[in-house]
Amino acid sequence: MTDFLLSISAGTVDWSRAQFALTAIYHWLFVPLTLGLALIMGVMETCYYRTKSVFWKDTVRFWQKLFGINFAMGVATGLILEFEFGTNWSNYSWLVGDVFGAPLAIEGIVAFFMEATFVGVMFFGWGKVSDGFHLASTWLTGLGATISAWWILVANAWMQYPVGQVFNPDTMRNEMTSFADVALSPFAIDKFFHTVLSAWIVGAVFAVAVSCYYLIRANSGKMPEATAAKTRKFAVSSIKIASIVGLVATLLTAYTGDNSAYMVAKTQPMKLAAMEALYDGEEGAPLTAVALINPFRQPDYAASEELPLQVAIPKMLSVLATRDLNGFVPGINDIIKGGYTQHDGTTALSFAEKSERGKVAIDAIGKYREAKKNGNAAEADKYGARIKDNVKYIGYGYMDNPDLIVPYIPVCFWSFRIMVGLGMLLILAFAVTLFVVYRKDILRLKWLHIAWLVLLPLAYVASESGWVLAELGRQPWAIQDMLPTWIGVSDISSGSVIFTFFMFLVLFTLLLVVEINIMCKAIKQGPEFSDVAARP
């Protein structure tokens with residue numbers, strides 16, 4: 001392992017991280033809209049199935065067209081993302097492939113196959129299968145996409161909270177001991193609901209924004225009045241369904257977000273400290289609403305640098321992290337120094353102690369394998385026991401500087417506030433829109449129509465901010481406390497990674513431009529209304 005680390009350049013690590021981040025960010029531009037529109041389409045087609053109104057058939061077919069454009073782009077970027085585990089992160093794949101690979105394999109074999117099968121029926125089955133079977137296909141397409149998200153999020157949650165596995169020094173791999181522990185860990189369950197609900201928000205914002213665009217067009221006087229009337233009905237009906245989905249999703253996302261903060265406090269206290277810029281822990285810790293943290297400079301947390309112009313809510317961070325008004329929340333310096341009482345009642349080790357125990361584990365692995373090679377069973381048992389006692393901290397054994405375990409505070413701090421702030425804004429927006437749409441005032445409120453066009457990109461910003469916080473807040477760990485990021489990379493030249501980085505940057509940007517262009521053309525063309533008059 002030491003020889004391997006010496007052969008890896010810092011450039012390879014940095015560019016591999018950048019490439020994976022690039023792919024993940026672009027991929028996540030498409031996934032939330034797929035999950036969100038799937039639910040909205042299902043509700044709309046259920047309305048058609050129950051009423052047999054041609055109006056609802058026209059409505060759902062329009063949204064399915066936009067869903068299909070986005071779905072294709074999401075598949076393209078997602079496949080590249082999974083291939084990068086083998087090309088850029090082969091050491092990671094070797095060390096934890098037995099655990100990490102299982103949910104990804106299930107996702108490909110079961111969930112992706114399921115959605116790929118029924119999406120064809122959904123698009124091409126109109127008039128060829130019964131209305132009931134077509135409705136089932138629409139719901140099963142959305143269910144398949146959601147199940148696919150479940151298994152991917154299980155894999156990601158395991159990286160944040162590794163359970164159900166044990167390190168085998170004979171194979172130098174982490175091997176699964178309990179599939180149920182991996183698939184049903186509390187971290188995975190909470191991450192799934194929080195992520196999927198946030199995706200529903202993006203889908204709802206998209207549907208409301210597009211519908212508001214049609215209201216602006218219908219009220220512009222440039223449409224024949226018969227078409228304008230149908231367009232208004234289409235837009236208002238879509239707004240009603242999407243706003244209900246959006247309001248429910250935003251409220252549930254806030255609830256699951258609160259539980260996420262509690263889970264992070266238990267399992268990733270450094271991430272919580274970084275996103276709060278909490279340098280020294282305290283009882284009854286306040287929650288910082290805002291502070292002028294410099295986004296381009298890592299603060300001097302060791303000197304307990306004060307937060308400039310801080311506005312805080314008293315004791316709220318302790319409530320989020322411990323469910324106790326006076327609970328102790330450790331800061332960055334506390335986590336480095338250790339000595340505080342953790343959630344499970346044990347005393348936290350210092351970075352120095354963890355580093356020492358990690359080095360013991362690394363040394364014991366080498367001596368264990370040497371003893372096995374020489375057929376010395378007694379020595380092998382002795383070092384095997386030493387590995388078992390210390391392997392929990394093996395990742396720290398590759399670190400000598402405690403600064404390495406501190407994520408970049410400004411990114412964590414601001415991404416959390418952008419996500420929460422925009423989420424609260426969307427709760428208000430959905431509530432106001434539902435109020436006015438049921439009072440039949442939405443047709444004449446042009447300012448509200450324009451506001452939703454502005455909120456559409458902001459919803460994506462909030463969604464991406466959540467992922468940035470989840471992944472950068474975990475740094476420097478590829479797997480929390482077990483595997484530093486730089487140990488997981490492939491032994492390849494930085495030049496090849498730089499080349500593929502810019503190749504993917506161009507490719508993904510072109511895909512995004514193409515998707516936006518096709519989407520805009522489809523939206524400009526608008527829904528195709530049947531000649532049969534829609535029933536009220």
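The values are calculated or read from the model by the stated rules, or taken from the named source; none is laboratory data. Just so it is clear, the structure is predicted and the values come from calculations on it, not from any experiment. Using ideal geometry, Cβ is built from the backbone for each residue, glycine included, and neighbour counts are taken over all protein chains shown.
Any residue in segment 152-163 that is in a helix (DSSP H, G or I) sitting within a Cβ distance under 6 Å of a residue that is surrounded by 21 or more Cβ atoms within 10 Å (Cβ to Cβ) and of a type in the set (A, V, I, L, M)? List the pairs, counting only those 6 or more apart or interchain.
Short answer, once both residue conditions are applied: Val154/Ala188; Ala157/Ala188; Trp158/Val182; Met159/Ile479.
Looking at Glu107, Glu115, which is the one that is on the phi < 0 side of the Ramachandran plot, surrounded by 18 or more Cβ atoms within 10 Å (Cβ to Cβ), of a type in the set (D, E, K, R) and more than 18 Å from the chain's Cα centre (by Cα)?
Glu115
Please verify whether segment 355-378 includes one or more residues that are within 24 Å of Thr267 (Cβ to Cβ), in a loop (DSSP other than H, G, I, E, B), in contact (Cβ under 8 Å) with a residue 12 or more places away in the chain and of a type in the set (S, T, N, Q).
Taking every residue of segment 355-378 in turn, none turns out to be within 24 Å of Thr267 (Cβ to Cβ), in a loop (DSSP other than H, G, I, E, B), in contact (Cβ under 8 Å) with a residue 12 or more places away in the chain and of a type in the set (S, T, N, Q).
For segment 28-45, indicate whether the set of residues that are within 25 Å of Gly488 (Cα to Cα) and part of a helix (DSSP H, G or I) is non-empty.
Checked segment 28-45: at least one residue is within 25 Å of Gly488 (Cα to Cα) and part of a helix (DSSP H, G or I).
If Met419 satisfies every condition in (1) touching a residue at least 40 places away in the same chain (Cβ under 8 Å); (2) loosely packed, with under 15 Cβ neighbours inside 10 Å; (3) among the aliphatic types (A, V, I, L, M) but one, which is the exception?
In the conditions (1) touching a residue at least 40 places away in the same chain (Cβ under 8 Å); (2) loosely packed, with under 15 Cβ neighbours inside 10 Å; (3) among the aliphatic types (A, V, I, L, M), Met419 misses (2) alone.
What residue, of Phe430, Phe435, is crowded, with 20+ Cβ neighbours inside 10 Å, under 30 Å from Ile216 (Cβ atoms) and modelled with pLDDT of 90 or more?
Phe430
Just for segment 214-226: of the residues that are assigned to a helix (DSSP H, G or I) and at pLDDT below 85, which one is farthest from Glu528 (Cα to Cα)?
Result: Glu225.
Are any residues in segment 31-61 under 23 Å from Val196 (Cα atoms), more than 23 Å from the chain's Cα centre (by Cα) and crowded, with 21+ Cβ neighbours inside 10 Å, and if so, which ones?
Passing the criteria: Met44, Glu45, Val60.
So which residues in segment 128-143 are assigned to a helix (DSSP H, G or I) and either over 22 Å from the mean Cα position of the chain (by Cα) or modelled with pLDDT under 90 (or both)?
Listed by number, the residues that qualify are Asp131, Gly132, Phe133, His134, Leu135, Ala136, Ser137, Thr138, Trp139, Leu140.
Evaluate segment 274-284: report whether one residue or more is touching a strand residue (DSSP E or B) at 6+ places or on another chain (Cβ under 9 Å), of a type in the set (A, V, I, L, M, F, W, C) and not in a loop (DSSP other than H, G, I, E, B).
no
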